[in-house]
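Chemist: First, the structure itself, so that you have it in front of you.
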Amino acid sequence: MIYQPVKGTHDLFGEEMEGMRYIRDVFSATVELYSYRQIMPPVLEYTEVFSRGAGSSSDVVRKEMYTFLDKGDRSVTMRPEFTAGVVRSVVSNKLYATEDLPLKLYYCGPAFRYERPQLGRYRQFHQFGVEEIGADNARCDAECIIMAMQSLYMLGFQKLSLKINSIGDDDSRRSYRDALTKYFSAHLDEMCDDCHERIRLNPLRILDCKVAHDQEIAKGAPKIKDYLSEASEKRFYETLSIINDLGIEYEIDDSLVRGLDYYSEVVFEIHAIGANGTDYGALCGGGHYGGLVKELGGPDLAGVGYAMGMERVYGVAKEDGLLKDLDHGIDFYVIPVGEEVLDDVFNIVEEIRSLGFSCDTPLANVKLGSAFKKAERRHAKFALIIGQDELDRGVAQLKDLSTKTQKEIDLTKLEEELDHAIAPYEEEDDGCHHDHHEAVEEKKE
Ligand code: HAM
């Protein structure tokens, strides 16, 4: 029996693993420029954290959670998203009292949703996200949105579509919900069973219904913009004006309400289509949340945040050719010639690593040709060949695998010799596309 991964989950290795790691590094470096610090809440939380946090009317909570009773009969859930868990962590650790506000937190890790698997949609996927907690104004919302865009620009994306909307404060949403209930009640007979429940729980959720006929009906529904309070409208236009001043393009999408219940005021999504036209869905989703910290037992603090879908970002970035040459390989591949030198070579390899160079060796006596092939497949910059004769003379043969030139080096001056050999490659690396500052400068121009 050969086991396959559980449906909707996938193994990360090779090129995809390298790509995801690179994306995570670029995102972390970007948000650290904005003074964010990492947090890592557990994968498992008591179910209530999500049912109260993400909201009992959301599809995520109603249908998609991996929830089970643990051996102590407690209902626990594998996180379907991070926001509720991060806020729970801020409240249980009283970070709002011990740290300066606003708290600026970022995270990266797996999340789980029992969804129908398809392109860009998995049951275990990875999110990179941020939460800024304890600040509540248009500038704060704008900074968060700008940071999401900047993170994707840093990766090299050129064409992004930022969709943005305001779902207003509590008063705005209350009157909007009434208007939606009235509108959808007249069409309910034609709508799916789920929408019958949605109208009872939260009619806003009907706007996310995936059934084609229901979507047609939803097109004629009242728009939130006509129900925004004066304060919400003012705040929304302030946010837009800050984003606009930075030259970031956006599209107001008045049907965007987002599928989680904690949102208020501004909400947004970022979409990108791959080079060959493939649509992986939204790369990023987020928004402001006014009541979540209090809902989870904390003080009355607002927050704003977003999460990127790592697999989706990877899919589009790969198609766009933004992830080339990520495998920089190793610095040295040490080739022992003959059984009798294996012990000494083993020690030399450890010494090379302790000098800070990446290094590998076959750990067994293999044929020279096969060892060179291994060195190439590992993208080693140099091969270091050591036989008994070399050991007796305290030297090694150093072969540059790109220029194919070879010279003898002195093993008693190992650090100096290897530093000298690697120096031209390090200069080359400095000019490569990993330079984040350069990416920002280019974008500004
Ligand atoms: P979300 O829109 O549910 O928001 O998810 C954010 C992103 O995660 C999506 O835009 C998508 O890229 C990715 N994603 C979601 N579900 C899947 C899936 N099944 N497979 C692959 N990727 C997926 C949130 O989770 C909020 N917590 C974001 C947030 C943070 N809002 C405020 N702070």
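Chemist: If we scan the stretch 43-50, do we find a residue that is among the hydrophobic types (A, V, I, L, M, F, W, C), away from the ligand (no atom under 14 Å from the Cβ) and at pLDDT 95 or above?
Modeler: yes
Chemist: For the stretch 287-302, check the following and say yes or no: at least one residue is more than 8 Å from the ligand (Cβ to nearest atom), in a loop (DSSP other than H, G, I, E, B), more than 18 Å from TYR36 (Cβ to Cβ) and of a type in the set (D, E, K, R).
Modeler: yes
Chemist: Now a separate question. What pairs come out if I take residues in the stretch 367-378 that are under 20 Å from THR403 (Cβ atoms) and pair them with residues that are open to solvent by 50 Å² or more (accessible area, probe 1.4 Å) whose C-beta lies under 7 Å away, six or more apart or interchain?
Modeler: The qualifying pairs are LEU368/VAL337; ARG378/ASP360.
Chemist: Out of all the residues in the stretch 131-139, is one or more out of contact with any helix residue (DSSP H, G or I) (no Cβ under 8 Å at 6 or more places or on another chain), closer than 17 Å to TYR306 by Cβ and either hydroxyl-bearing (Ser, Thr, Tyr) or open to solvent by 60 Å² or more (accessible area, probe 1.4 Å) (or both)?
Modeler: Within the stretch 131-139, one or more residues are out of contact with any helix residue (DSSP H, G or I) (no Cβ under 8 Å at 6 or more places or on another chain), closer than 17 Å to TYR306 by Cβ and either hydroxyl-bearing (Ser, Thr, Tyr) or open to solvent by 60 Å² or more (accessible area, probe 1.4 Å) (or both).
Chemist: Among the residues of the stretch 237-256, is any within 9 Å of the ligand (Cβ to nearest atom), touching a residue at least 24 places away in the same chain (Cβ under 8 Å) and under 22 Å from VAL60 (Cα atoms)?
Modeler: no
Chemist: Could you please let me know if LEU105 is touching a Lys or Arg at 6+ places or on another chain (Cβ under 8 Å), assigned by TED's automatic domain parsing to the domain that holds PRO42 and under 16 Å from LEU301 (Cα atoms)?
Modeler: So LEU105 passes the test.
Chemist: Of the residues in the stretch 189-217, how many are open to solvent by less than 30 Å² (accessible area, probe 1.4 Å), among the aliphatic types (A, V, I, L, M) and assigned to a helix (DSSP H, G or I)?
Modeler: The qualifying residues number 4.
Chemist: Filter the stretch 349-361 down to residues that are within 17 Å of LYS399 (Cα to Cα) and in contact (Cβ under 8 Å) with a residue 24 or more places away in the chain and give me whichever is surrounded by the fewest Cβ atoms within 10 Å (Cβ to Cβ).
Modeler: Result: SER358.
Chemist: Please work out which one of (1) surrounded by 22 or more Cβ atoms within 10 Å (Cβ to Cβ); (2) free of Cβ contacts under 8 Å to residues at least 40 places away in the same chain; (3) more than 17 Å from the chain's Cα centre (by Cα) is the condition GLY285 fails and give its number.
Modeler: Among (1) surrounded by 22 or more Cβ atoms within 10 Å (Cβ to Cβ); (2) free of Cβ contacts under 8 Å to residues at least 40 places away in the same chain; (3) more than 17 Å from the chain's Cα centre (by Cα), the lone unmet condition for GLY285 is (3).
Chemist: From the list TYR280, TYR227, TYR262, which one is farther than 30 Å from VAL91 by Cβ and within 11 Å of the ligand (Cβ to nearest atom)?
Modeler: TYR280 is the lone residue from the list that is farther than 30 Å from VAL91 by Cβ and within 11 Å of the ligand (Cβ to nearest atom).
The values are calculated or read from the model by the stated rules, or taken from the named source; none is laboratory data. These figures come from a predicted structure and were not determined experimentally. When we count neighbours, we look across all protein chains shown, and the Cβ atoms used for this are built from the backbone with ideal geometry, even at glycine. Heavy atoms of the whole protein, side chains included, go into the accessibility calculation; ligands, DNA and RNA do not. Shrake-Rupley method; radii C 1.70, N 1.55, O 1.52, S 1.80 Å.
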